[in-house]
Amino acid sequence: MSFSGTVKEELAGQISPARHCQMAELAALLHFGGGVCEGGKHLCLHTENEAVAKKCFTLLKKAFNIDNVVTNAKGRMLPDGEAESKVLQALHLGGNEGCPIALQAPVSSLLVKNSCCARAYLRGAFLSIGSMSDPQKSYHLEFVCDERAQAEQLRNMIQGFGIEAKVIRRKKYDVVYLKEGAGIVDLLNVMGAHVSLMNLENLRIVKGMRNSINRRVNCETANISKTVTAASKQIEDILLIRDRYGFENLPDNLRQMAEVRLEYPDAALKELGGYLEPAVGKSGVNHRLRRLSEIADGIRS
Ligand SMILES: [Zn+2]
């Protein structure tokens, strides 16, 4: 399952105990995922997500004691007009006709004036119109709204929790989005997705660690490859001198240097110096190798 799907699954399982919060969440589910169908006869919910539909039924049962929801090809509907107007009225959702159609926007601020209810509302909104990218790849969470007023209300509610959110126009939608890992973590917390929040935090830690390890490895690899390149060039020079010029024609200190380098092709300069008789420091080794390289260049030209 995608990360987004896991978050929704977790949120779908969260039922607020207080009726005010249940109503706020139900309002979001109907507001963003519902409509009034069949010439205003039925309030219905349009969702592909079984868990979300189930949650809507649970909330209808708990908050309004309605349990005879019908499912048909067009979606899931409240059975009779009376139940429907009861729900719409209680949730301050003026019913517009047509299907699918967003109900009146934005939602009444009365429903979300408590912070507990605002959390429940955001949870319902995310279940209906929210999604987030795979955090392995990028940090992006968004709500896709039909209307600007809905988007602005959502953004203001999110900002009310001290979380940075923006609205952007995309095709015919107004999209509320968060781009920062820390903000997304905070919003998951506000909505009550605590397991997903921990998973995301762990991932962010691992990602941060991996980046710093990568930086270090890249740096070390660069140094190693520089050393290897230098050593193989030295060995090439030395072999050329041996075959075309002869070690016996080299001064003693250079002959010894050439032999030691051939014997220890992987050794660092400092280590090579220790094999010489008498031992020589790093800069002495460097100097002799440079001399050998000049001799090789002389032979080549
Ligand atoms: Zn509440």
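Since every read-out is calculated from the coordinates, none of them should be taken as a lab result. These numbers were taken from a predicted model, which means no experiment stands behind them. Glycine also receives a Cβ, built like all others from the backbone with ideal geometry; neighbour counts cover every protein chain displayed.
Data table
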quantity	calculated
Computed [θ] at 222 nm, deg cm²/dmol, the chain (DSSP H ≥ 4; -39,500 (n - 2.57); rounded to nearest 500)	-19500 deg cm²/dmol
Candidate lysines for bridging to K172, where Cα separation is under 24 Å - those fewer than 8 sequence places away on the same chain excluded	K74
Pairs beyond 27 Å (Cα-Cα), from K61/K113; K166/K207; K137/K226	K137/K226
Charge dipole magnitude, Cβ of K and R +1, D and E -1 - region 223-300, Cα centre, debye nearest 20	300 debye
Prolate/oblate/rounded label for region 223-300 (Cα gyration tensor, a/c 1.5)	oblate
Per-selection Kirkwood Rh - the chain (Cα, Å, 1 d.p.)	24.2 Å
The chain: most fluctuating residue of N214, N249, N189 per GNM, C-alpha cutoff 10 Å	N249
Computed E for E147/K226 - FRET, C-beta separation, R0 45 angstrom, nearest 0.05	0.15
Nearest-20 debye value, the chain charge dipole, Cβ charges on Lys, Arg, Asp, Glu	440 debye
